[in-house]
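The values are calculated or read from the model by the stated rules, or taken from the named source; none is laboratory data. Everything numeric in this text was worked out from a predicted model, so none of it was measured. So basically every Cβ, Gly included, is an ideal-geometry build from the backbone, and we count neighbours across all protein chains shown.
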Amino acid sequence: MRKLLTSVAIFVFTFLVFSASTVSAKVITDKNGTVAISKIETVNDDLFVGAQTVEIAGTINGDVFIAAQTVKVTGIINGNLHVGANTLDLNGTVKGNVYAGAQNILVSGSKIGGSLLVGASIVNVDNASTIGGSVIAGVGNLTLDTQIKRSVYAGTGTLTVGSGARIGKDLYYAAGNNQAHISSSAKIVGATYKTEAKNKQSTANITAAKKQLPAVLGAFKFGTTLISFIGALIVGLIYLKLFPKHLAQTSDIVNTAFWKSMGIGFLVTIAFVPGILILLVTIVGIPVAGLAIVLFILYSYLTKLVVGSAFGKCAVKKFNWKISNYGTFVIGLASIYIFKLIPVVGFFTGLVVFWVGLGALVLQLFAKSE
């Protein structure tokens, strides 16, 4: 029963409003209001916020996780920033990386010590900002007019690199038809690699469209995958923060009983629909069917997080890397998403990850408590 309650708790924490009293983090929720951290405030811990509007002007000595409609950051974050919002206005300082999924993202006068990973409709980074790492973006309209110390990887509809831009390494991009505008004054230290659809007016419009299709689909796939990765990363880091034991035990099952987990995951997949129908027919089994559906939806999402954690542990052990549990998780999850980008291989990777993760979660659910 405790295993079952843990699973339900993970579902509530992951997909509804985050709230907890026993975790070592500051958690603030106000779904219909505004949460503000003033200039004189300092939070010496990780910060989790769920609200309609979030404004951070103070100092956060930890990672920040925000789910809101509108987010404005003018303060200092001495960790990573994770945001899921409609609008993000960033003109403060983030010492780590910024992971953001939003409709509109404006970075103005901001200092980002790490990398910027974004999935959005519009992203604008002005010339008063600096980025210490790379920019990885799946964006409809991307404007860069800033200093970027490493490389830029962009899949966009429209790309604009302004005169004030300075890219410390390479520029990789795929843009829409003649929609890349790179200023001659922009400085790109490395090389520029482009996959840009070209359209010449001719009678061969259909042939030209076919030639453009792979580039467009490639950019679209990259963008949607990036957005999915950012979302999974945010949920996964929260999962690791709030339920470290559950994630550790489940990922250990993946590593120690890989084939068993895969077999059980496959059996659960093919038996799920018939089993639910049987429970519904019996009337008294309807509540059980409802709970089973909730757990199946939850576990279906958690599969990549569990397998990512397990893969990260294997990589760290094999190469003897000395990194934190959070870094281990990021490596594993990123590896899965990279494999999923590979044609054909990506499909089978997703299938195996789903079955193995689902089987491990089921084994963990029914495992004896230590």
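For the reader, a short list of remarks on this structure follows.
- Those strands (runs of 3 or more DSSP E) of region 47-122 that lie entirely within it include none in which at least 2 residues are charged (D, E, K, R) and either touching a Lys or Arg at 6+ places or on another chain (Cβ under 6 Å) or closer than 25 Å to residue 156 by Cα (or both).
- Test: residue in region 36-55 that is modelled with pLDDT under 90, closer than 30 Å to residue 361 by Cα, buried (at least 17 other Cβ atoms within 10 Å of the Cβ) and of a type in the set (Val, Ile, Thr): yes
Residues checked against (1) modelled with pLDDT under 85; (2) among the polar types (S, T, N, Q); (3) over 16 Å from residue 255 (Cβ atoms); (4) not in a helix (DSSP H, G or I):
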position: 323; (1), (2), (3), (4): yes, no, yes, yes
position: 327; (1), (2), (3), (4): yes, no, yes, no
position: 351; (1), (2), (3), (4): no, no, yes, no
position: 357; (1), (2), (3), (4): no, no, no, no
position: 365; (1), (2), (3), (4): yes, no, yes, no
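A quick yes/no check of all residues on (1) within 25 Å of residue 37 (Cβ to Cβ); (2) in the same structural domain as residue 181 (by TED's automatic domain parsing); (3) among the polar types (S, T, N, Q):
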site	(1), (2), (3)
73	yes, yes, no
86	yes, yes, yes
101	yes, yes, no
124	yes, yes, yes
144	no, yes, no
158	no, yes, yes
